[in-house]
């Protein structure tokens, strides 16, 4: 799952995708990243460029860092070649980011910070705060793929920020409950470690 203006590391190992990425690296072009569900492909995806080759393995595998670029809707699929191709229509927001109160942006940012801090061992990640499509960066590490797909398809920054302002506080609360459960799990329910858990310490 890739969003515009964000980064995604990929390990390329299948021969068909090694062929595709080899062509991309040679041409400097884009390739499509799209969410695949059991019911089929999502209706929209995001193009990517190979920003950097991190590792090349002797057997032809690659580790690359990709960057999200343009959103697209799938018109027609073509499976005649080694890897899946498609005819697509590119799209962007209906208009520049405006028409929503600054408080909405602040609420989304505050919720993101709250959820980010509640994740143990989270990598330090600083969005580009002046980005006119900041919502994509805020959503980059959200675990809910369905939400991210919805954000990808929305064409108004205000609508995306509104979703995130509602989502992040719930995610933060969930992470706090999970962290608390991990801390108290070895205890016996009375705030003390059970004797058997202390043996050998």
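Read the figures in this text as sums done on the coordinates, not as results from a lab. In this text the structure is predicted, and so the values were computed from the model without any measurement. All Cβ positions, glycine included, derive from the backbone under ideal geometry; neighbour counts span all protein chains shown.
Working from the pairwise distances between different alpha carbons, so that the mean of 1/r is found and then inverted, what is region 128-173's Kirkwood radius in Å?
Values: mean 1/r = 0.0930 Å⁻¹.
Kirkwood radius, region 128-173: 10.8 Å.
Can you tell me the FRET efficiency between residue 126 and residue 89 if r is taken as the Cβ-Cβ distance and R0 is 41 Å, rounded to the nearest 0.05? It would help to have the intermediate numbers written out before the result.
Numbers: r = 33 Å, r/R0 = 0.81.
After rounding, the FRET efficiency stands at 0.80.
With a 10 Å Cβ neighbour count serving as the proxy for reagent exposure, in which order, fewest first, do 74, 88, 53 appear? Before the final figure, lay out the partial values.
Working: 74 16, 88 19, 53 13.
The fewest-first ordering by Cβ neighbours comes to 53, 74, 88.
Can you sort 72, 31 so the residue with the fewest Cβ neighbours within 10 Å comes first? Mind dumping the intermediate values first?
Working: 72 21, 31 16.
With the sparsest Cβ surroundings first, the list reads 31, 72.
Which length gain, in nm to one decimal place, applies between residue 81 and residue 14 when the Cα-Cα distance is subtracted from 0.36 nm times their residue separation? All intermediate terms of the calculation are to be shown ahead of the outcome.
On the way: separation 67, 0.36 × 67 = 24.12 nm, distance 1.44 nm.
Result for the pair: 22.7 nm of gain on full extension.
With a Förster radius of 22 Å, plug the Cβ-Cβ distance of residue 63 and residue 36 into 1/(1 + (r/R0)^6) and report the FRET value to the nearest 0.05. Could you put the intermediate results ahead of the total?
On the way: r = 21 Å, r/R0 = 0.95.
Rounded to the nearest 0.05, the efficiency is 0.55.
On alpha-carbon atoms, Rg over Rh for the chain using Kirkwood Rh? Write down the numbers at each step before the final one.
Values: Rg = 21.0 Å, Rh = 19.6 Å.
Here the Rg-to-Rh quotient is 1.07.
Once the piece of chain linking residue 156 and residue 56 is laid out straight, how much longer is it, given 0.36 nm per residue of separation minus the C-alpha distance between them?
The residue 156-residue 56 span can extend by a further 32.1 nm.
Taking only C-alpha pairs under 8 Å that are 6+ residues apart, what is the relative contact order of region 77-176 in percent? Walk me through the numbers on the way to the answer.
Numbers: 88 pairs, mean separation 41.3, N = 100.
Once divided by the residue count of region 77-176, the mean separation gives 41 percent.
Which order do 6, 178 fall in if you start with the one that has the fewest other Cβ atoms within 10 Å?
Ascending Cβ contact count within 10 Å gives the list 178, 6.
How high is the relative contact order of the chain? Use alpha-carbon pairs under 8 Å, at least six apart in sequence, and give a whole percent.
20
Mind listing P(r) for region 1-91? All alpha-carbon pairs, 10 Å bins, whole percents.
Calculated over all Cα pairs of region 1-91, the distribution is 16, 49, 31, 4 percent.
Using the basic label-point model (7 angstrom from Cα toward the beta carbon), what is the residue 25 to residue 74 distance in nanometres?
The modelled label-to-label distance comes out at 2.7 nm.
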